[in-house]
Amino acid sequence: TSRFRRAKQEPNVNIPGVSRAQGVASAGELRALAESCKERDSGRRQVDAALPLDILTYEEKTLSAILRICSSGLVKLWSSLTLLGSYKGKKCAFRVIQVSPFLLALSGNSRELVLD
Amino acid sequence: MATLRRLREVPRHLLVCEKSNFGHDKSRHRHLVETHYHNYRVSFLIPECGILSKELKNLVMETGPYYFVKNLPLHELITHEFINTFVKKGSCYALTYHTNIDEDNTVALLPNGKLILSLDKDTYEETGLQGRPSQYSGRKIMKFIVSIDLMDLSLNLDSKKYERVSWSFKEKKPLKFDFLLAWHHTGAEESRMMSYFSSYGIQERQPRVALSTASELQCPVLRSGELGGAPGAACSAPELLDWLGAVFSNAQLNNEPNNFVSTYCCPQPSTVVAKAYLCTITGFIVPEKIRLLLEQLCRYFDEPKLAPWVTLSVQGFADSPVSWRENEHGFRKGGEHLYNFVIFNNQDYWLQMAVGANDDCPP
């Protein structure tokens, strides 16, 4: 059975700041990072933090990833990542590039067309 | 409390799936391809294919050119000469480059001669032109849409209407934009655009083509008659669309349900194909070229092939002021408007059209 409603959201997240620190070495670390910032922001309600989150892709070269979250968790995830300022003591920043319920829409971004 | 609830809401989106057959008289595939004007990314996937046929390869390499011109004054698009040379003789497309539809002034030219301006409140008032508020305005109207029919204007260049538009663009509020241009026409005048706008430093560009093959690819099993899938026998259209997105994003398709990183996996039932051909074309691509690609992909099954189906996906420019026809398009959270064909070996097809929150239902 599907764990998500049909309206699932798939934000695409870029994390350039972390490259100045040690960097997130793997998709696994990114997943742990995302879980920890959700936990932190939901305060004492640990049960809230248990939102099913998938790291669909993670590219070390560009330090960008595609995350998948159910629609009810989108705002929480997006705000948690935006407010995250440091990881393992080093400063970092997340930048959300694209958000869409359609994964196919994330495979191309017309705002990234560079001609000059 | 209402504000908090509204902030937590996720904007709605729409996915329309329909099925038909290319042989049907009433099939709408041509109309839907031709009225989706500003296309950024076209990609197709052919299972059980390692080499592209010569015809397909040629079509892929000939999807361009398109043109890029910086600081083009808007009044150049309403001159008698421009309308007669390009708008009336073929299909002329234009879209402002690097303008965000939700923030900046944006202009688009449609092949039917309609010039669509999406302007912020101040600019709209300064142009002095007649328009209407954006459909997706909230309580405060931030954007106005002005639609100018160039075909209608060109019928009588001495009309008050033409004088007003001309005065607005030349004197009242001269606007300049960087434009993406394309012109589809029959005839051998290849570099007409280049010579016409040579004084503005127009550049010709070719779309970028990326070709690759995937090996041992898990593909969903589909049945052309079962758009919603059949439990245990075939996957549904939305599942197919997700899977296609995963393939083109290079996501892992075979994660275990208890995998810590990702639980996404190929929808079941699925088969593994030895190889699949993937092609992605990005640029400013005209619908006429997409139609040719679609027709060629239909002809893929003229000879017996192992593949049960092929897909063709098209993504529109997120910052175009229109999605299909003259339906207003807004960005909201993603600005997506895309469609996907699944072409079956019996000439049946599925067509999925997807739009975001600030869009009308696809036609």
Q: Could you please tell me which pairs satisfy a Cβ distance under 6 Å, a separation of 6+ or placement on different chains, a first residue in the range B:206-227 that is closer than 22 Å to B:Pro238 by Cβ, and a second residue that is modelled with pLDDT under 95 and among the basic types (Lys, Arg)?
A: B:Leu227/B:Lys19
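Identify all residues within the range B:59-72 that are outside any loop (DSSP other than H, G, I, E, B), more than 14 Å from chain A (Cβ to nearest Cβ) and either open to solvent by 60 Å² or more (accessible area, probe 1.4 Å) or modelled with pLDDT under 95 (or both); write none if there are none.
Kept after step one, since they are outside any loop (DSSP other than H, G, I, E, B), are these residues of the range B:59-72: B:59-61, B:66-72.
Subsequent filtering for residues that are more than 14 Å from chain A (Cβ to nearest Cβ) retains B:59-61.
Matches in the range B:59-72: B:Met61 only.
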Q. Considering B:Cys298, B:Cys265, which residue is open to solvent by 30 Å² or more (accessible area, probe 1.4 Å) and among the hydrophobic types (A, V, I, L, M, F, W, C)?
A. B:Cys265
Q) Mind checking which residues of the range A:59-74 are surrounded by 15 or more Cβ atoms within 10 Å (Cβ to Cβ) and over 23 Å from B:Pro238 (Cα atoms)? A) A:Leu63, A:Ser64
Q. Applying the selection to the range B:238-261, what residues are facing another protein chain (nearest Cβ under 10 Å) and either assigned to a strand (DSSP E or B) or more than 30 Å from B:Phe317 (Cβ to Cβ) (or both)?
A. B:Asn255, B:Pro257, B:Asn259, B:Phe260, B:Val261
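Residues are listed down the side, and each one gets a yes or a no for (1) surrounded by 22 or more Cβ atoms within 10 Å (Cβ to Cβ); (2) modelled with pLDDT of 90 or more; (3) more than 10 Å from every other protein chain (Cβ to nearest Cβ):
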residue: B:Arg325; (1), (2), (3): no, yes, yes
residue: B:Lys333; (1), (2), (3): no, no, no
residue: B:Leu338; (1), (2), (3): yes, yes, no
residue: B:Gln347; (1), (2), (3): no, yes, yes
residue: B:Asp359; (1), (2), (3): yes, no, yes
Q.
Let me spell it out: the conditions are (1) facing another protein chain (nearest Cβ under 9 Å); (2) at pLDDT below 85; (3) under 16 Å from the mean Cα position of the chain (by Cα), and A:Ser36 meets all of them except one. Which number is the exception?
A. (1)
**Q.** Complete set of residues in the range B:32-58 that are surrounded by fewer than 19 Cβ atoms within 10 Å (Cβ to Cβ) and farther than 21 Å from B:Ala237 by Cα
**A.** B:Glu34, B:Gly50, B:Ile51, B:Leu52, B:Ser53, B:Lys54, B:Glu55, B:Lys57, B:Asn58
Q. Residues in the range B:7-23: is at least one free of Cβ contacts under 8 Å to residues at least 40 places away in the same chain, in a loop (DSSP other than H, G, I, E, B) and surrounded by 14 or more Cβ atoms within 10 Å (Cβ to Cβ)?
A. yes
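The values are calculated or read from the model by the stated rules, or taken from the named source; none is laboratory data. Worth saying up front: this structure is predicted, and the values here are computed from it rather than measured. Cβ: placed from backbone, ideal geometry, glycine included. Neighbour counts: every protein chain shown. Heads up: the accessible areas ignore ligands, DNA and RNA and are worked out on the full protein's heavy atoms, side chains in. Shrake-Rupley method; radii C 1.70, N 1.55, O 1.52, S 1.80 Å.
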